[in-house]
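What follows is a short report on a single structure.
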Amino acid sequence: MKSRLPNVGTTIFTVMSALATERGAVNLGQGFPDFDPDPLLLDAVNGAMRAGYNQYAPLNGWPALRQAVSDKVHALYGRRYDPNTEVMITAGATQAIMTAVFALVHPGDEVIVIEPVYDSYIPSIELAGARAVPVPMTNQYRVDWNRVAAAVTPKTRAIMVNSPHNPSGMILRDADMLALQDIVLKHGLLVISDEVYEHMVFDGEPHQSASKYPGLADRSIVVSSFGKTFHVTGWKVGSVVAPKEIMAEFRKVHQFNVFVTNSVMQAGLASYMQDPQRYLQLPTFYQRKRDFFRAGLARTPFKLYPCEGTFFQLVDYSAVSDKTELEFSKWLTTEIGVAAIPLSAFYQTAVENKTVRFCFAKKEETLTRALERLSRLAA
Ligand code: PMP
Ligand code: GLN
């Protein structure tokens, strides 16, 4: 069979979760919480189901949820997106990203991505018949905007950015956004800004959304995920905001990609979002977990990278092993009983940094169990 994606296998997240289950390992690999969402959210969805939200939702999503998204973005980032023409509800961020790429990118175009890069971006670009141009981050996992600028060619159509960044935990700051805005305006590029971890930014730092910067917002599709924000990754509901002309193109692809997204979940989320505290409390909630996990890891031979946002922690294991990242992740899962994700999975070309990613979106008891096992590692 002639494959459209000859270099793609099963995603590393699926592979490592399956291995963790098979070996009874503590799963700090794939990024998902192991705790339940707020019972009030479950009640809201149950209520929506009983109230009859069981047929197709409108194409763009239920108006109440679009209004809630528009109000949130306005309150936090200052830009008002018209809930009727500039907000859409999607089947999670993965669908939103692929739909955005299909809507904006033409065959033969180039799209700049920042490496390490979330695994769905490059396949989405390639399926659209375009070419991904990876630009490596620095050793400390910051974006080198000079390198990004140097990667722009006459064929460049768009740049994909992700902040807070999976897997590195880096956040883009004001100076980064201004540098991105300069490049985008100078060359007339579009931006797909993946902000699924927007409510997980620590140490009092603000989240710098592309929607906050007028020059960027005019040319960006901003992607969010309710799964991350409300601890319901399995529900697969997300949202996008973009200026009207861009959203009109997104909508054309969306209607033949998923048509509409899950009605009941949308209706439940719309009523639950009426209280902004439900997402505003997230930085404190996850910062506590980050600090607890990092304090435990400090007693292992791992070297820790900074974690400014997301629910991921990168560690350098070079004091422990010479194995490749994939071998080490498998060994850690099977022999030590803790699953991790190799950083190499986030590169198009094989790059080895002796670094793996742990997810700390877990109950304290789960993190404690993982840390007990990791404390057996000897340098
Ligand atoms: N982008 C990033 C950076 C992610 O980490 C994830 C994963 N969870 C997604 C997109 C996809 O999110 P969703 O589950 O809403 O499709
Ligand atoms: N985004 C999650 C992660 O980085 C996993 C989602 C998936 O399995 N595709 O771990």
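Rule-based calculations on the coordinates, nothing more; no lab input. These numbers were taken from a predicted model, which means no experiment stands behind them. Don't worry about glycine lacking a Cβ; one is built from the backbone with ideal geometry, like all the others, and counts go over all protein chains shown.
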Exercise. Quick one: putting +1 on the C-beta of Lys and Arg, -1 on the C-beta of Asp and Glu, what dipole do you get for the chain around its Cα centre, in Debye to the nearest 20?
Worked result: 280
Seminar exercise, completed: Taking N as the number of residues in segment 336-379, the ratio of its alpha carbon radius of gyration to 2.2 N^0.38 Å works out to 1.37
For this session: Identify the chymotrypsin sites (Phe, Trp or Tyr not before Pro) of segment 14-104 meeting these criteria: DSSP loop state and at most 16 other C-beta atoms within 10 Å of the C-beta.
Result: Phe35, Tyr56
Exercise. Along the positive direction of the dipole of segment 246-378 (beta-carbon charges: Lys, Arg +1; Asp, Glu -1; about the Cα centre), which of Thr333, Asn257, Val356 reaches farthest?
Worked result: Thr333
For this session: Would you mind computing the Rg to Rh ratio of segment 1-40 from its alpha-carbon coordinates, Kirkwood style for Rh?
Result: 1.19
For this session: Quick one: which residues, 5 or more positions from Ser318 or on another chain, have an amide H under 5 Å from its amide H? H modelled 1.01 Å from N in the peptide plane, none for Pro or chain starts.
Result: Lys303
Seminar exercise, completed: Given all pairs of distinct Cα atoms, segment 253-292 yields a Kirkwood Rh in Å of 12.8
For this session: Please express the Cα-Cα pair-distance distribution P(r) of segment 68-202 as a list of whole percents, one per 10 Å bin, running from 0 to the bin with the greatest distance.
Result: 11, 41, 38, 10, 0
Exercise. Amide H of Val26: which non-local residues (sequence gap of 5 or more, or other chain) have their own amide H closer than 5 Å, using H built in the peptide plane?
Worked result: Val338, Ala339
Problem set entry | Theoretical gain in end-to-end length, Glu335 to Leu127 [0.36 nm per residue, Cα-Cα removed] | 71.1 nm
Problem set entry | Extent along principal axes [Cα atoms of segment 255-368; Å; largest to smallest] | 50, 37, 25
For this session: Just the number, please: Stokes-Einstein D of segment 67-148 in µm²/s, Kirkwood Rh from C-alpha pairs, 25 °C, 0.890 mPa s.
Result: 166
Exercise. Roughly speaking, what is the stretch gain from Leu42 to Leu377, that is 0.36 nm per residue apart minus the C-alpha to C-alpha distance, in nm to one decimal?
Worked result: 116.6 nm
Problem set entry | Pairwise FRET efficiency - Lys363 versus Phe259, Cβ, R0 = 51 Å, nearest 0.05 | 0.85
Exercise. Taking the alpha-carbon set of the chain, what are its Rg and Dmax in Å?
Worked result: 20.3, 59
For this session: Once you have the Cα-Cα distance between Leu304 and Asn84, take 0.36 nm times their residue separation minus that, and quote the gain in nm to one decimal.
Result: 74.7 nm
Problem set entry | Rg in Å to one decimal, and Dmax rounded to a whole Å, for segment 214-301 via C-alpha atoms | 17.7, 53
Exercise. If you find the alpha carbon centre of segment 209-272 and of segment 50-97, how far apart are they in angstrom?
Worked result: 6
Seminar exercise, completed: re segment 169-252: pairs of Cα atoms spaced beyond 15 Å account for a percent value of 61
For this session: Could you size up the charge dipole of segment 42-193 around its Cα centre, putting +1 on the beta carbon of Lys and Arg and -1 on that of Asp and Glu, and report it in debye to the nearest 20?
Result: 160
For this session: For segment 74-212, build the charge dipole from Cβ charges (+1 Lys, Arg; -1 Asp, Glu) around the Cα centre, then report which of Ala100, Gly188, Tyr141 sits farthest towards its positive end.
Result: Gly188
Exercise. How are the C-alpha pair distances of segment 168-317 spread across 10 Å bins, as whole percents from the shortest bin up?
Worked result: 10, 31, 33, 20, 5, 0
For this session: Would you mind ranking His106, His254 by Cβ crowding within 10 Å, fewest neighbours first?
Result: His106, His254
Exercise. Arranged by the count of other C-beta atoms within 10 angstrom, fewest first, what order do Ser211, Ser17 take?
Worked result: Ser17, Ser211
Seminar exercise, completed: Quick numbers on segment 1-153, Rg and Dmax over C-alpha atoms in Å, give 20.0, 55
Seminar exercise, completed: Assertion target for Glu198, Glu365, Glu308, ordered by fewest C-beta neighbours within 10 angstrom first, is Glu365, Glu308, Glu198
Exercise. How big is D for segment 19-68, in µm² s⁻¹ as a whole number, if Stokes-Einstein is applied with the Kirkwood radius of its Cα pairs at 10 °C and 1.306 mPa s?
Worked result: 110
Problem set entry | Rounded Å value of the spacing that divides the Cα centres of segment 8-37 and segment 284-307 | 20
